[in-house]
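The values are calculated or read from the model by the stated rules, or taken from the named source; none is laboratory data. Keep in mind it's a predicted model, so treat the numbers as computed, not measured. No Cβ is skipped: glycine too gets one built from the backbone with ideal geometry, and neighbour counts run over all protein chains shown.
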Amino acid sequence: MKHDSKAELDSNTALIIKDLYRAVQATIKTDDSRGMDGSTWCFKPKNGSTYSETCLWSPYSNTERRNLTDLVTLGNKLFEISNFESVQQ
């Protein structure tokens, strides 16, 4: 399934996303967490003209211990404004 959406962000929401993006970019690290099920989240920040990519298994599992609170918050916020939930039904 492909979903395209655009969201107009008010300045407060744009600032929240920008701050979360920077926080995740500064703190994200790979880890060895794995499980039998769960999603894999990939964070692919742009730095100038290059990209890096970090993929993590199920960030909801042991979020605080794995220092993924900012990533989960960013993911939840992006999901909220994406309107993706409306096409899942």
### Summary
With the first residue restricted to the range 12-34 and required to be at negative phi, and the second required to be among the acidic types (Asp, Glu) and at pLDDT 90 or above, Cβ contacts under 6 Å at 6 or more apart or on different chains are 20/70; 23/70; 24/70
### Scope the range 1-51; condition surrounded by fewer than 10 Cβ atoms within 10 Å (Cβ to Cβ) and polar (S, T, N, Q); matching residues
11, 12, 30, 47, 49, 50
### Task
Would you be able to tell me the number of residues in the range 67-89 that are among the polar types (S, T, N, Q) and modelled with pLDDT of 85 or more?
4
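Determine whether residue 23 is of a type in the set (Gly, Ala, Ser) and either within 11 Å of the chain's Cα centre (by Cα) or modelled with pLDDT of 90 or more (or both).
Values: of a type in the set (Gly, Ala, Ser): yes; either within 11 Å of the chain's Cα centre (by Cα) or modelled with pLDDT of 90 or more (or both): yes.
So residue 23 fits the description; yes.
For (1) out of contact with any helix residue (DSSP H, G or I) (no Cβ under 6 Å at 6 or more places or on another chain); (2) at pLDDT 90 or above; (3) of a type in the set (D, E, K, R), each residue gets a yes or a no:
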position: 31; (1), (2), (3): yes, no, yes
position: 34; (1), (2), (3): yes, no, yes
position: 38; (1), (2), (3): yes, no, no
position: 42; (1), (2), (3): yes, no, no
position: 45; (1), (2), (3): no, no, no
position: 54; (1), (2), (3): yes, yes, no
position: 62; (1), (2), (3): yes, yes, no
position: 65; (1), (2), (3): yes, yes, yes
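Given the criteria of a type in the set (A, V, I, L, M, F, W, C) and either without any contact (Cβ under 8 Å) to a residue 24 or more places away in the chain or under 25 Å from residue 14 (Cβ atoms) (or both), does residue 57 qualify?
Values: of a type in the set (A, V, I, L, M, F, W, C): yes; either without any contact (Cβ under 8 Å) to a residue 24 or more places away in the chain or under 25 Å from residue 14 (Cβ atoms) (or both): no.
Considered against the rule, which asks whether it is of a type in the set (A, V, I, L, M, F, W, C) and either without any contact (Cβ under 8 Å) to a residue 24 or more places away in the chain or under 25 Å from residue 14 (Cβ atoms) (or both), residue 57 comes out as no.
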### Task
Kindly establish whether residue 54 is of a type in the set (Val, Ile, Thr), loosely packed, with under 10 Cβ neighbours inside 10 Å and under 20 Å from residue 22 (Cβ atoms).
no
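Taking the stated definitions as given, is residue 67 assigned to a loop (DSSP other than H, G, I, E, B) and not basic (Lys, Arg)? Show your work before the answer.
Values: assigned to a loop (DSSP other than H, G, I, E, B): yes; not basic (Lys, Arg): yes.
Yes: the conditions hold for residue 67.
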### Query
Just to be sure, is residue 75 touching a strand residue (DSSP E or B) at 6+ places or on another chain (Cβ under 7 Å) and assigned to a loop (DSSP other than H, G, I, E, B)?
no
### Task
Determine the pairs where a residue that is closer than 17 Å to residue 42 by Cβ, located within the range 65-77, has a partner that is in a loop (DSSP other than H, G, I, E, B) with Cβ atoms under 6 Å apart, the partner being 6 or more residues away or on another chain.
66/31; 68/59; 71/59; 72/59; 72/63
